[in-house]
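*Asks:* Sharing a structure here in structure tokens format.
The values are calculated or read from the model by the stated rules, or taken from the named source; none is laboratory data. Keep in mind it's a predicted model, so treat the numbers as computed, not measured. As a convention, Cβ positions derive from the backbone with ideal geometry for all residues, glycine included, and neighbour counts pool all protein chains shown. In case anyone asks, the SASA skips ligands and DNA or RNA and just uses the protein heavy atoms, side chains included. Shrake-Rupley method; radii C 1.70, N 1.55, O 1.52, S 1.80 Å.
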Amino acid sequence: MSKVAFLLAAQFEDSEMKVPYDAVKGAGHEADIIGLKKGEMLKGKKGVASYTADKAISEVKAADYDAVVIPGGSSPEGLRSDADIVKFVKEADSAGKPIAAICHGPQILISAGLLKGRTITSYPPLKDDMVNAGAKFKDEEVVVDGNYITSRTPKDEPAFVRELLQALQVKVTQ
């Protein structure tokens, strides 16, 4: 089974964390919630979900994980300026690991300088940011481009989770 890193800060979109996290664990994969501080309580912006960071980004390496999930909401904004988060995502990308980002999640990919020439989607109002970072934007429920899996909003979660689990299954069978 695969080991998946969920990059999380407070004010995440509750379902964009809960739905993929529960699906990954339900499929038998390991999942770590990685925040800026180990043991920090992270609450969703709707107050429905809250999680405790299993590990601090400063104590993990991308090499320890098979995939990365970046839930949306305001969480990515809280993470994107952290040098360790950016380094982690760059290392995961260099290794060709699946990176699944929903809603505002691709903001971290912008900060890591990884969108040039990539085709993605995100929360639609961020389209200009994605295009300005060099990406081709598609307004679709899920866009898969190489190791990137991106979706727009909570209503796209079924497609997002389907593609994430498919990428993890491919990893297991390789």
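*Asks:* Return yes or no: is Ala10 open to solvent by less than 60 Å² (accessible area, probe 1.4 Å), in a loop (DSSP other than H, G, I, E, B) and at pLDDT 95 or above?
*Replies:* Yes.
Matching residues to (1) within 19 Å of Gly113 (Cβ to Cβ); (2) not charged (D, E, K, R):
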| site | (1), (2) |
| --- | --- |
| Asp128 | yes, no |
| Gly134 | yes, yes |
| Val144 | no, yes |
| Arg152 | no, no |
| Glu163 | no, no |
| Gln166 | no, yes |
| Gln169 | no, yes |
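*Asks:* If you don't mind, another one. Among the candidates Ile120, Ile99, which residue alone is open to solvent by less than 30 Å² (accessible area, probe 1.4 Å) and within 21 Å of Ile34 (Cβ to Cβ)?
*Replies:* Ile99
*Asks:* Just checking, which of Ala63, Ala67 is within 26 Å of Ser94 (Cα to Cα), among the aliphatic types (A, V, I, L, M) and surrounded by fewer than 16 Cβ atoms within 10 Å (Cβ to Cβ)?
*Replies:* Ala63
Let's see how each residue does on (1) within 19 Å of Lys3 (Cβ to Cβ); (2) in contact with a Pro (Cβ under 7 Å, 6 or more places away or on another chain); (3) modelled with pLDDT of 95 or more:
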{"position": "Val48", "(1), (2), (3)": "no, no, no"}
{"position": "Thr52", "(1), (2), (3)": "yes, no, yes"}
{"position": "Tyr65", "(1), (2), (3)": "yes, no, yes"}
{"position": "Ile70", "(1), (2), (3)": "yes, yes, yes"}
{"position": "Ser81", "(1), (2), (3)": "no, no, yes"}
{"position": "Val86", "(1), (2), (3)": "no, no, yes"}
{"position": "Gly113", "(1), (2), (3)": "no, no, yes"}
{"position": "Gly117", "(1), (2), (3)": "no, no, yes"}
{"position": "Ser122", "(1), (2), (3)": "no, yes, yes"}
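*Asks:* Quick check on region 132-154. Is at least one of its residues touching a Phe, Trp or Tyr at 6+ places or on another chain (Cβ under 9 Å), without any contact (Cβ under 8 Å) to a residue 60 or more places away in the chain, open to solvent by 50 Å² or more (accessible area, probe 1.4 Å) and not hydroxyl-bearing (Ser, Thr, Tyr)?
*Replies:* yes
*Asks:* Further question on the same structure: Is it the case that some residue within region 77-89 is open to solvent by 10 Å² or more (accessible area, probe 1.4 Å) and in contact with a strand residue (DSSP E or B) (Cβ under 8 Å, 6 or more places away or on another chain)?
*Replies:* No - not one qualifying residue is present in region 77-89.
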